[in-house]
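One structure is given below, encoded as structure tokens.
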Amino acid sequence: MDSSQHIQEALPFCYIFDSSFDGLLSCIAQIHLDKRLGSISRICAQDDYQPSLFEPAIKHETNQELVTRITEALKRKAGHKALQSCYKVFLSDEPRRFLLIFYFVSVALRVGKQVHSMLADKRIGEFLDLEKSVEAARHKAIEFLRFHKTSEGVYFAQFETSISFVPLVMNHFVGRLNVQAFVIYDSKHTVAGGYDGKDAIIQRVENFNPPRFSSDDTDYTHMWQEFYRQITIKERYKPKLRQQQMPKKYWQFLDEMQNGTAGSSIDR
Amino acid sequence: MNTYEKLSILSDAAKYDVACTSSGSNRQAVKGKLGSTSVGGICHSFSADGRCISLLKVLYSNACSYDCEYCANRKSAHTKRASFTPRELANLTIEFYRRNFIEGLFLSSGVLVSPDNTTEQIIECIRILREEYHFNGYIHAKAIPGTSPELVERLGFLVDRMSVNIELPSQKSLSLLAPDKSKQSVTKPMSYIRDAIDTENTALALRAKSNLAKRSKQRKFVPAGQSTQMIIGATPENDTHILKLSKSLYKAYGLKRIFFSAYIPVNESSKLPDKLSFSSPLTREHRLYQADWLMRFYDFDADELLPDTGYLNLDHDPKVVWALKHLDDFPIEITTAPLSTLLRIPGIGPRGARKIIRARKYSALSEESLKKLGIVLKRAKYFITINGKYISPYKFDPEIISKQILSDSLNTKANLKRKMQENQLTLF
């Protein structure tokens, strides 16, 4: 089962791909062609590659034909879900994610759909856990990101969580907000998703300028904060439970967790 | 009065309402319409009391013409009064929704002049949302007891969920504390909603049979079903009474949920428990919810859970109490027991039970493999055998098990905290 038994070479290789998901798939296909399944030490995205001594690096140019071939093979063998799983894990911040995807794809191509229940395999287990945590982080973004109306009438949200969440939430918000143009900005990964009421795009954004908000927007923020204060049953104050449900790292993005308008504390 | 001040008064007035779920309805996004609903519901925030905030929960008006003793908005209470206008509230809902603050609206109200007048205003607000603003998100509306059937019907086609509060667990308490409401004024709209849902389901089934248009364009009647809520501890009804009532409510009206609300004193009244010395029965409320859960998801019948003393045991959850009473049926062999039996094991839920069944098809179960599946044996270990082996180090004896479970749960950090908080509460 362990692919490290296949071929052993003197030095393990590092493959470098162009940082895109297609690039990673193409690179994984190349590793299969090169028959180096058992001698990979790292797979690195070009954007954050740091060379290491004694580690031969192979720079892989994305080959669209390889992408198609491996995607089709994966879908045929292990279903569309396997590809989706890979994409989700790709968006996590786990440093070992590319290697785990490589391993998952290799096993999936061999055993098929069964790969999703191979929890006993240490690396597949790690991959599946990671997928689960990505799903959880995506849900946090859907729950907790907040839009504000800019002076141009576009709704803008800035949010951060442990994954590059924008590609995973665009469908949800496009469907839901529908007639409303919006921009979602992931300040941690400097990725923005935009929707103009018709089409959606996702882009890397360097040098981001925060937008100006419309004057009535603050009124609604204040109303929301007031609603939040009033809805609490003071006799049942349970700040620990709240913090468990709504971890502190998200508070900076939540209007209701900022100090009140008259300088009062959030819980008054 | 501006909208901010109204919101402040009318959300404060709505906070004791328990239900704030946005679940049970799954409506895909529609081109040109704002909003969608998700079947599992989405929480957008959590209030300082740890409750999920999913919907904009407000009263339409707290200028109530009824005088219910337990209610903060009773006619004779000295409190600030406010009422929204239909458009004002519809606007507010839309603006909150656009900002991803909420999943939709949860609208209740005091009785503004009369039940029909109140419902007409509520309908107008929701009509503006649905028809003018093309709002496609979640709406839960209260049917005010005493509302005429025509209005209940119109409301039913605009909302996802409707509920009628039975408020108190018996007619006697109702006439004592809520003289303007009667059991009949509550059950009438409830049966009306039930019948309308039934009629629609039958029509849908017929249409599916005859292979006509599979999906109707028309909005469904109360697609997420109806629920109700009652106050616990303000009146003398015991848990046996409440569980029996719940069972008959689920059966008679096909309710999706019953919410319990531990009474919190807001008014001084000779007909109510003394305001100063009363401590809100939070643990009792918790146990009632557990019993309710066992009836809905574990296939328990209310009769199996009825306590001899009239009240649910506060130390143990109702499932443990049941298991200790039926220790002859235990320990249960986990490698062979069918689903219905696995569900009876304290500490194992529907999810765990299904995981066990799936896993044992592929490989032999052991204590280790159960742990790997994420099954917590802390409580279950007293009630099971794995391959014939009883894994708890203690004797299989009801008293010993009871004591052991008690000390297990006392020693958890959360429980120590809770005990401390409960002590603090009684100080006030």
Study note, to complete from the structure: Dividing the helical contributions, -39500 (n - 2.57) per DSSP H run of n ≥ 4, by the residues of the protein assembly as shown yields a 222 nm value, nearest 500 deg cm²/dmol, of -13000 deg cm²/dmol
Point to revise | GNM top mover of B:ASP67, B:ASP274, B:ASP17 - chain B, alpha-carbon springs below 10 Å | key: B:ASP274
Check your understanding: For the stretch B:93-112 and the stretch B:317-380, what is the separation of their Cα centres, given in Å?
Key -> 42
Check your understanding: Taking the Cα atoms only, what angle lies between the long axis of helix A:80-90 and the longest principal axis of chain A, rounded to 10 degrees?
Key -> 70
Check your understanding: Based on the Cβ-Cβ distance from A:ILE202 to A:GLU72, what FRET efficiency comes out when R0 is 25 Å, to the nearest 0.05?
Key -> 0.55
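Suppose we look only past 14 Å in the calculated P(r) of the stretch A:145-204. What percent of the Cα-Cα pairs does that tail hold?
Taking all Cα-Cα pairs of the stretch A:145-204, the fraction more than 14 Å apart is 48 percent.
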Point to revise | 0 to 90° range, to nearest 10: angle between helix A:215-231 axis and chain A longest Cα axis | key: 90
Practice item. Pick out, in residue order, every one of the trypsin sites (Lys or Arg not before Pro) in the stretch B:370-409 that is DSSP loop and has at most 16 other C-beta atoms within 10 Å; say none if there are none. Key: B:LYS395
Check your understanding: Once both labels are modelled 7 Å past Cα along the beta-carbon direction, what's the A:ASP216-B:ASN26 spacing in nm?
Key -> 3.7
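Using the Cα atoms of the stretch A:3-137 to build a convex hull, what is its mean projected area in square nanometres?
So the Cα hull casts an average projection of 7.8 nm².
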Point to revise | Residue order, fewest to most beta carbons within 10 Å, for B:TRP322, A:TRP251 | key: A:TRP251, B:TRP322
Practice item. Sort the stretch B:41-159 into rounded, prolate or oblate with this rule: let a ≥ b ≥ c be the square roots of the eigenvalues of the Cα gyration tensor; rounded if a/c is under 1.5, and if a/c is not under 1.5, prolate when a/b is larger than b/c, oblate otherwise. Key: oblate
Exercise for review: Take every Cα-Cα pair in the protein assembly as shown and report what % of them are more than 38 Å apart.
Suggested key: 48
Practice item. Go ahead and run the numbers for FRET between A:LYS188 and B:GLU131, Cβ-Cβ distance against an R0 of 35 Å, rounding to 0.05. Key: 0.30
**Study point:** Inter-label distance, nm, simple model (7 Å from Cα along the C-beta direction), A:LYS81/A:VAL179
**Key:** 3.8
Practice item. Report the label-to-label distance for B:LYS371 and B:ASN117 in nanometres (one decimal), using points 7 Å from each Cα along the Cα→Cβ vector. Key: 6.7
**Study point:** Environment charge at A:SER26 (Cβ cut-off 11 Å; Lys +1, Arg +1, Asp -1, Glu -1)
**Key:** -3
Check your understanding: Along the stretch B:122-132, what does the Karplus equation 6.51 cos²θ - 1.76 cosθ + 1.60 (θ = phi - 60°) give for ³J(HN,Hα), rounded to whole Hz, x for Gly and Pro?
Key -> 4, 4, 4, 4, 6, 4, 4, 4, 6, 8, 7
Practice item. Please give the FRET efficiency for B:LYS75 paired with A:ASP22, using the beta carbon to beta carbon distance and R0 = 56 Å, rounded to the nearest 0.05. Key: 0.25
Exercise for review: Would you kindly compute the Cα radius of gyration of chain B and its largest Cα-Cα separation (Dmax), both in Å?
Suggested key: 23.9, 72
Check your understanding: Is any residue of the stretch B:273-296 close enough, with backbone N under 17 Å, to a label point placed 7 angstrom from the Cα of B:HIS326 along the Cα-Cβ axis, and if so, which?
Key -> B:291-296
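Place the peptides B:304-315, B:96-107 in order of packing, highest mean first, counting for every residue the other Cβ atoms within 10 Å and averaging per peptide.
B:96-107, B:304-315
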Exercise for review: With only Lys, Arg, Asp and Glu charged, each at its Cβ (+1 for the first two, -1 for the last two), find how big the charge dipole of chain B is about the Cα centre; round to the nearest 20 debye.
Suggested key: 1620
Point to revise | Net charge dipole size for the protein assembly as shown [Lys, Arg +1 and Asp, Glu -1 on Cβ; Debye, nearest 20] | key: 1220
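Taken together, the values in this text are just the output of simple stated rules run on the coordinates, not laboratory data. Worth saying up front: this structure is predicted, and the values here are computed from it rather than measured. Note: ideal-geometry Cβ built from the backbone for every residue, glycine included; neighbour counts use all protein chains shown.
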